[in-house]
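The values are calculated or read from the model by the stated rules, or taken from the named source; none is laboratory data. Here the structure is a predicted model, which is why all the values come from computation and not from measurement. Using ideal geometry, Cβ is built from the backbone for each residue, glycine included, and neighbour counts are taken over all protein chains shown.
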Amino acid sequence: MKYTVFTLSAALLLLSACSSDPYKNELLSQGAGLYAAKDYARALPLLRESAQAGNPDAQLLLAKCYDFGNGVPTDMKEAVKWYTAAAQGGNANAQDNLGSCYATGSGVPKNMNMAFSLYNQAAAQNDASALNNLGLCYLNGEGTASNPAMAAECFRRAAKTGNADGQYNLGRCYFHGIGVTQDLEQSKQWVKKAALQGHKNATAFMEDNEWI
């Protein structure tokens, strides 16, 4: 099963006012800006200080540093530590990423029940990646009972936000009649939307069905 990775730009654009301390918020703002510029050496100490002060957005970015080796050696256990802190602080992107850690057994033992629960939490905040991942759980009956109709609905919600994975998966549901009435025109429309965003599987799907 594919679990999507959270998009970096979303974390940098959604800086929550989780602290009333202007100094702590300034640390996050500066650290996030440096992170966006890939100046990890200067970003890390600012993000770490803000994360240790309890800022979920800083905790998320610090987790990503350890997840992807940005300025520090890759360390999934440390990444999970900070994803967990951010997720407990209500950060939807962290909940989604932590769910994927549990889904793939990265830094923690694989646990699809935990993954499903975390995806649910993030999806309740309309996180597009989490909605797509929740749809995959319902589609494949992992962490929950198989429910094709719920899978299609999750994909639809993700697709409507512009999420390419959600668009592709919703297109496949329409193509095969999974959780929805089979509709090849609807399938083509949604798969095409994903392909236009550079989704490789969607492009291949269109080629296979001679839609290009």
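Could you list all residues from region 158-173 that are more than 14 Å from the chain's Cα centre (by Cα) and surrounded by fewer than 24 Cβ atoms within 10 Å (Cβ to Cβ)? First the steps, then the outcome.
Of region 158-173, the ones more than 14 Å from the chain's Cα centre (by Cα) are 160, 167-173.
Scanning region 158-173 gives Lys160, Arg172.
For region 51-118, which helices (runs of 4 or more DSSP H) that fit wholly inside it have 2 or more residues that are buried (at least 18 other Cβ atoms within 10 Å of the Cβ), under 13 Å from the mean Cα position of the chain (by Cα) and not small (Gly, Ala, Ser)?
Values: elements: 56-68, 76-88, 92-104.
Output list reads 56-68, 92-104.
For Glu142, only one of the following conditions fails: (1) under 27 Å from Asp75 (Cα atoms); (2) in contact with a Gly (Cβ under 8 Å, 6 or more places away or on another chain). What is its number?
Against the list (1) under 27 Å from Asp75 (Cα atoms); (2) in contact with a Gly (Cβ under 8 Å, 6 or more places away or on another chain), Glu142 comes up short only on (2).
Residues checked against (1) in contact (Cβ under 8 Å) with a residue 60 or more places away in the chain; (2) in contact with a Gly (Cβ under 7 Å, 6 or more places away or on another chain); (3) hydrophobic (A, V, I, L, M, F, W, C):
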site: Ala58; (1), (2), (3): no, yes, yes
site: Leu62; (1), (2), (3): no, no, yes
site: Gly69; (1), (2), (3): no, no, no
site: Val72; (1), (2), (3): no, no, yes
site: Asp75; (1), (2), (3): no, no, no
site: Tyr83; (1), (2), (3): no, no, no
site: Gln88; (1), (2), (3): no, no, no
site: Asn91; (1), (2), (3): yes, no, no
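Can Arg48 be described as part of a helix (DSSP H, G or I), of a type in the set (Lys, Arg) and either without any contact (Cβ under 8 Å) to a residue 12 or more places away in the chain or in contact with a strand residue (DSSP E or B) (Cβ under 9 Å, 6 or more places away or on another chain) (or both)?
no
Right, Gln125: crowded, with 22+ Cβ neighbours inside 10 Å, of a type in the set (S, T, N, Q) and free of Cβ contacts under 8 Å to residues at least 60 places away in the same chain or not?
For Gln125, the condition - crowded, with 22+ Cβ neighbours inside 10 Å, of a type in the set (S, T, N, Q) and free of Cβ contacts under 8 Å to residues at least 60 places away in the same chain - is not met.
Among the residues in region 150-165, are any touching a Ser or Thr at 6+ places or on another chain (Cβ under 8 Å), part of a helix (DSSP H, G or I) and either modelled with pLDDT of 95 or more or at negative phi (or both)? Steps first, answer last, please.
The initial filter retains those residues of region 150-165 that are touching a Ser or Thr at 6+ places or on another chain (Cβ under 8 Å), namely 158, 163, 165.
Add one more test, that the residue is part of a helix (DSSP H, G or I), and what stays is 158, 165.
The next check asks that each one be either modelled with pLDDT of 95 or more or at negative phi (or both); those that pass are 158, 165.
Checking region 150-165: at least one residue is touching a Ser or Thr at 6+ places or on another chain (Cβ under 8 Å), part of a helix (DSSP H, G or I) and either modelled with pLDDT of 95 or more or at negative phi (or both).
With Asn169, Asn126 as the choices, which residue is in a helix (DSSP H, G or I) and not hydrophobic (A, V, I, L, M, F, W, C)?
On the way: Asn126 fails: in a helix (DSSP H, G or I).
Exactly one of Asn169, Asn126 is in a helix (DSSP H, G or I) and not hydrophobic (A, V, I, L, M, F, W, C), namely Asn169.
Just one of Asn91, Asn111 is modelled with pLDDT of 95 or more, within 26 Å of Ala53 (Cβ to Cβ) and polar (S, T, N, Q); which is it? Before you say what the answer is, go through the steps one by one.
Details: Asn111 fails: within 26 Å of Ala53 (Cβ to Cβ).
Only one candidate qualifies: Asn91.
Consider region 175-212. How many of its residues are of a type outside the set (A, V, I, L, M), surrounded by 13 or more Cβ atoms within 10 Å (Cβ to Cβ) and outside any loop (DSSP other than H, G, I, E, B)? Outline the logic, then answer.
Looking only at region 175-212, we keep the residues that are of a type outside the set (A, V, I, L, M), and these are 175-177, 179, 181-183, 185-190, 192-193, 197-201, 203, 205, 207-211.
From what's left, surrounded by 13 or more Cβ atoms within 10 Å (Cβ to Cβ): 175, 177, 179, 183, 186-190, 192-193, 197, 199, 201, 203, 205, 209, 211.
If we keep only those that are outside any loop (DSSP other than H, G, I, E, B) too, we end up with 175, 186-190, 192-193, 201, 203, 205.
So the answer is 11.
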